[in-house]
Amino acid sequence: MVLPNNITLKQGKLIIFSAPSGAGKTTIVKHLLGKYPDKIAFSISATTRTQRGQEVNNHDYYFISTPSFLHKVAKHEFVEFEEVYAGTFYGTLKSEIERIWATGKHVIFDIDVEGGLRLKKKFEQNALAIFVQPPSIEVLQQRLVGRGTDSKEKLAERFAKAEKELSYAPQFDTVLNNFDLEIACKQAEDLLLEFLG
Ligand code: 5GP
């Protein structure tokens, strides 16, 4: 497996969960990590956003400053990155994928829709890209409001992005309906096991 700066990695697989915020992908990813800790490990993204609620640095995200993020961009340290919201960057470090593959595990991602598609394009058949489909845009909006973690402005930004992202579903390998969380988790297990073989 050759990454853009020609680092050769011990090859593993990538399981990508993408969806608009509030579709339930984080819950599904956490479920899989709890069930298969010896097979998969979570790709910790770097971000410039501020830490929220119970989040832990170096566990949920690598929380870094904007200058530090941009320095890493200039040094081509990211396999993909994006300004997900105006002024707020998120990205996957090449070193993160290397770190996990070196342990003999596969990498599982909780990543936005465009980032997910970029990873799929890069890793092709070594990646399974799953789009988590919420029951409706209304339910999605209710969930985001219910979280109580975002300001009105941030919520409006997340709603607008979510509407656009829902239209990307057909570009994924699989669409996983999250109308019932228990069923969705079971289907995610089946998809994972089938892909890992
Ligand atoms: P949140 O601020 O809610 O943690 O994340 C906002 C969005 O950024 C979510 O859709 C999340 O999946 C996405 N995200 C997290 N890490 C990455 C990453 O490394 N790259 C990209 N493109 N998006 C990410």
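Summary table below
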{"item": "3 or more residues away from the ligand (no atom under 13 Å from the Cβ): qualifying helices (runs of 4 or more DSSP H) within the range 67-166", "result": "94-102, 137-147, 152-166"}
{"item": "Test: residue 182 is at pLDDT below 95, more than 18 Å from the chain's Cα centre (by Cα) and not polar (S, T, N, Q)", "result": "no"}
{"item": "Of all residues making up the range 20-49, the number that are within 11 Å of the ligand (Cβ to nearest atom), modelled with pLDDT of 95 or more and assigned to a loop (DSSP other than H, G, I, E, B)", "result": "4"}
{"item": "Top-ranked residue in the range 84-95 [being at pLDDT below 95 and hydrophobic (A, V, I, L, M, F, W, C); ranked as nearest to residue 191 (Cα to Cα)]", "result": "84"}
{"item": "Answer residue from the range 54-66, given it is in a loop (DSSP other than H, G, I, E, B) and within 11 Å of the ligand (Cβ to nearest atom) and is farthest from residue 98 (Cα to Cα) among those", "result": "55"}
{"item": "Selection from the range 48-96 of residues that are farther than 19 Å from residue 155 by Cα, more than 14 Å from the chain's Cα centre (by Cα) and β-branched (Val, Ile, Thr)", "result": "56, 64, 66, 73"}
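Yes/no per residue for (1) modelled with pLDDT under 90; (2) crowded, with 18+ Cβ neighbours inside 10 Å:
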{"position": "80", "(1), (2)": "no, yes"}
{"position": "97", "(1), (2)": "no, yes"}
{"position": "105", "(1), (2)": "no, yes"}
{"position": "122", "(1), (2)": "no, no"}
{"position": "129", "(1), (2)": "no, yes"}
{"position": "133", "(1), (2)": "no, yes"}
{"position": "139", "(1), (2)": "yes, no"}
{"position": "147", "(1), (2)": "yes, no"}
{"position": "152", "(1), (2)": "yes, no"}
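The values are calculated or read from the model by the stated rules, or taken from the named source; none is laboratory data. Worth saying up front: this structure is predicted, and the values here are computed from it rather than measured. Positions of Cβ are backbone-derived with ideal geometry, glycine not excepted, and every protein chain shown enters the neighbour counts.
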